[in-house]
Amino acid sequence: METLEFQSEARQLLRLMIHSVYSNKDTFLRELVSNASDALDKLRLETFRDKDLVADTSDLHVAIEVDRDERTLTIRDNGIGMTRDEVIGLIGTIAKSGTAEFLQKVKQTQDAAASQDLIGQFGIGFYSSFMVADKVTLVTKHPRSAEGVRWESTGEGTYTIEDVADAPQGTAVTLHLKPADAEDHLADYTSTAKITEIVKRYADFITWPIRMAKEDGAEPTTINSRKALWARPASEVTEDEYAEFYRHVSHDWNKPLETIRMHGEGVFEYQALLFIPSQAPLDLFMRERKRGVQLYVKRVFIMDDCEELMPEYLRFVKGVVDAQDLSLNVSRELLQHDRQIQLVRRRLVKKVLSTVKSMMADKPESYATFWREFGGAVKEGLLSDTDNRDAILDIASFASTEDAEKPTTLAQYVERMKDDQQHIYYMTGDSRATVENSPHLEALRAKGFEVLILTDPIDEMWVEAVPGFKGRTFQSIAKGQVDLETEEEKAQAEERQKDFADFLEWMTKTLADRVKEVRLSSRLTTSPACVVGDAHDLTPTLEKMYRAMGQELPPVKRILELNPGHGLVTGLHKAYGEREDHGPLAESAELLYGMALLAEGGDLPDPSRFVRLMSEHLERAL
Ligand code: ADP
Ligand code: MG
C-alpha cells in the first residue's frame, strides 16, 4: 500500500469541502451519478472502437447501495473504470480549468455564505463527497489493467492506493457518512426515500438505469424514468429540468442563457436540445477547445464534441442531437461526408442565429450578455460561413462613437446615418481610447458622422473580407482617401494642392525611408498630421500579427497626411518657400512624422532620437 499526497490545489479544495457549510449538500450525489453515467458512455464507445477490448456491456447500469448499520452509501457503475495512473492523475490532482481562479475567488470572498455559493456555481465533482462523508473508498478496474485499484482518503492531505486482485468491472465509490448528528445541514443519506428524491431531481434524464433496493433484502429497482429530455413534449419539461440537464452535458454550473429545441421529420428524423451558456468558458479562444454538441443515435450516446454538427464559430453552444436514421457504428469520417448531417448542421446554425436575433428584440439584456461573452467567437463566422454572413451581421453589435456605454447594431447605425453619408465608417485599433484620440477621427467628428470602434483582433480580418451591410460598404477612416468634401471644398483643395506641390515632393523625398507619400489631408481639423494606409495595404496590427506568426513581409510603408490648416504645417511650408537651404528643415519633417505615429498609438522607430530632436527644437523656441 502506498500513501500519497494530494496536489496543493486539491488539498485546498478538499479542505473547503470538509468544512463546507454549503446548504445544498445533496449535490454530491448528482456529481457521483454523473461520473458513473459518463463512465458507462465511455465504456460503450470504447468497445465500439476497439473490438478486442474485453468488457461486458450486456447490462450497463448504476447501482446505489445503502447500508444503514454501517452508515455507508455506495455508488457503483460497471463502466470504463480507471487505471492506477488515472486514479492518481484524475482523483489526486485537479486538472479542471478554472480551479485556480475558483480558489482565488473563494479566498477573496470574506462572506462565508457567499463563498459557499461559489461552490454551487463551480461544480466540484468527485470531491463533493467530502461534504457528507468523513472517509471515501473507491475501488475501480479498467478493462486494460490486469488488476483493480483501491483508493481511500479522509480528505486530509493524503490518500492511500493499493492494487486489488478481485475488483469487478467499473468503479464503486463508498461514502462513510458523517455521524447523523454532525450538524444540522446534513440530511439522512441512508434513507432510500431521500436518495430516490435526489435522483429524481438531478438525474432522472440519465438514460442508463439507476437501480436501488428500496428496503433491506429487496430486489433493486430502477428509480429514474430514463426519459430523454429532448424526446419529451416541450410543454412537459420544466425550466429546472432543462437547467439540470444543461449542467450534465456542459459541466457548467450556471444557468443557461437560452434553451433551444428543434426537431426534424421526414427523410432524416432528429431531435435537438441546444443551450447557449451564460458565460464564456475560459478556453473559448484556446487551440484545444472543444465543441459542445453531443451526438446520440436513437437515444444512445455516440460522441462528444461532434464538430460535424456545429461550426467552429458556434463552439460554445452545448447540447444534444439525437438522430434516428444513423448507424450506431457511425464514425467521424462517415459523418463528414453525410449529406443529411450537413443539412442538419445548416438548420442548427440557422436556428441558433435566429434565436439570438429574437433575443435582441425580446430579451435585450440576455442579448447583451450573449454578445459580450461570445461576440468575439461569432465574428469568426463572418469569415468562415459566407452563407450566413448577413444573418451574423444582423446579430452583431459594435462599440461606436455614438455611445460610450452601449454598443450599436448595424441596423441602428444605418438608421442614424446622415443624408449625405455614403459609408459605414469604422476604425480598428488596440483600444477604445487609441481610436477615440486618433487624429483620423477629427473630420468625421466635425461632420457629425458616427464611427464604429473595432478593437477585437478578429475585426481587422473580417472587415477586410465583408463587402458591406445592406448595400452600404464598410470604410476605414484610417485607410485610403476619405471623401468628405463638398464641391466647393474640393475646388479649394485643388488650389492648395498646387500651392503645396513642391513642398510635398520635398517632404516625400526627405521621409522616403519611412513613408511612400506625403499628401494633404481632408480628415484633420486640429492635429497637424496623421499616417494612413493605402486602401489595400495591411493595417499595422495585421502586419504585426503576420510577423508574429513568422511570415516574411516586406515593410509596409504608409502615407503621411498633413493638415494644411495647422500652424505647424503652414509654418513649415512657409519656411520651405523662404529658404534656399532646406537641409535644416528635415528634422522638423521627421518630428511631424513622429508625432503622427504617436497620435495613433504607434511605435516610433527611434524614440531616443525623437526625444533629442524634440528637446532641441523646444529649447530653440524658448
Ligand atoms: P469531472 O467529472 O468534471 O471531470 P470529477 O471530479 O467529477 O470531475 O471527476 C474527475 C475525473 O475522474 C473524471 O473526469 C473521470 O475521468 C474520473 N472519474 C470520476 N468518477 C469516475 C467513474 N465512476 N468512473 C470512471 N472515471 C471516473
Ligand atoms: Mg464529474
Just to be sure I understand, how many residues within the range 467-513 are of a type in the set (A, V, I, L, M), at pLDDT 90 or above and either assigned to a strand (DSSP E or B) or over 50 Å from the mean Cα position of the chain (by Cα) (or both)? 1
Subset of the range 123-182 (residues that are in a loop (DSSP other than H, G, I, E, B), within 11 Å of ligand 1 (Cβ to nearest atom) and on the phi > 0 side of the Ramachandran plot): 123
Subset of the range 569-585 that is outside any helix (DSSP H, G or I) and loosely packed, with under 11 Cβ neighbours inside 10 Å - its residue that is nearest to the chain's Cα centre (by Cα): 581
Per the filter on the range 208-221, residues touching a residue at least 40 places away in the same chain (Cβ under 8 Å) and part of a strand (DSSP E or B) are 210, 211, 212, 213, 220
Quick one: residue 22 ticks every box in (1) more than 16 Å from ligand 2 (Cβ to nearest atom); (2) assigned to a helix (DSSP H, G or I); (3) under 24 Å from residue 252 (Cα atoms) bar one, so which box is it? (2)
What about residue 94, is it under 34 Å from the mean Cα position of the chain (by Cα), among the hydrophobic types (A, V, I, L, M, F, W, C) and within 21 Å of residue 155 (Cα to Cα)? yes
Could you go through the range 223-245 and let me know if any residue there is farther than 24 Å from residue 127 by Cβ and within 16 Å of ligand 1 (Cβ to nearest atom). no
Candidates 316, 268, 275 - the one that is closer than 21 Å to residue 378 by Cβ and part of a loop (DSSP other than H, G, I, E, B): 316
How many residues of the range 29-46 are among the small types (Gly, Ala, Ser), in contact with a Phe, Trp or Tyr (Cβ under 7 Å, 6 or more places away or on another chain) and within 7 Å of ligand 1 (Cβ to nearest atom)? The answer is 0
Are any of the residues in the range 27-42 in a loop (DSSP other than H, G, I, E, B), out of contact with any strand residue (DSSP E or B) (no Cβ under 8 Å at 6 or more places or on another chain) and surrounded by 13 or more Cβ atoms within 10 Å (Cβ to Cβ)? no
Among the residues of the range 484-512, write down those that are out of contact with any His (no Cβ under 9 Å at 6 or more places or on another chain) and either charged (D, E, K, R) or closer than 30 Å to residue 376 by Cβ (or both). 485, 487, 488, 489, 490, 494, 495, 496, 498, 502, 505, 509
Can you find even one residue in the range 330-350 that is surrounded by 19 or more Cβ atoms within 10 Å (Cβ to Cβ) and within 20 Å of the chain's Cα centre (by Cα)? yes
Pick from the range 539-568, criterion within 15 Å of residue 515 (Cβ to Cβ) and open to solvent by 30 Å² or more (accessible area, probe 1.4 Å), ranking: modelled with the lowest pLDDT: 540
Filter the range 5-23 for residues that are out of contact with any helix residue (DSSP H, G or I) (no Cβ under 6 Å at 6 or more places or on another chain) and open to solvent by 40 Å² or more (accessible area, probe 1.4 Å); which is modelled with the lowest pLDDT? 23
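The values are calculated or read from the model by the stated rules, or taken from the named source; none is laboratory data. Values in this document were obtained by computation on a predicted structure and should not be read as measured data. With ideal geometry, Cβ positions are generated from the backbone for all residues, glycine too; neighbour counts draw on all protein chains shown. Areas reflect the complete protein model, heavy atoms only, side chains present, ligands, DNA and RNA absent. Shrake-Rupley method; radii C 1.70, N 1.55, O 1.52, S 1.80 Å.
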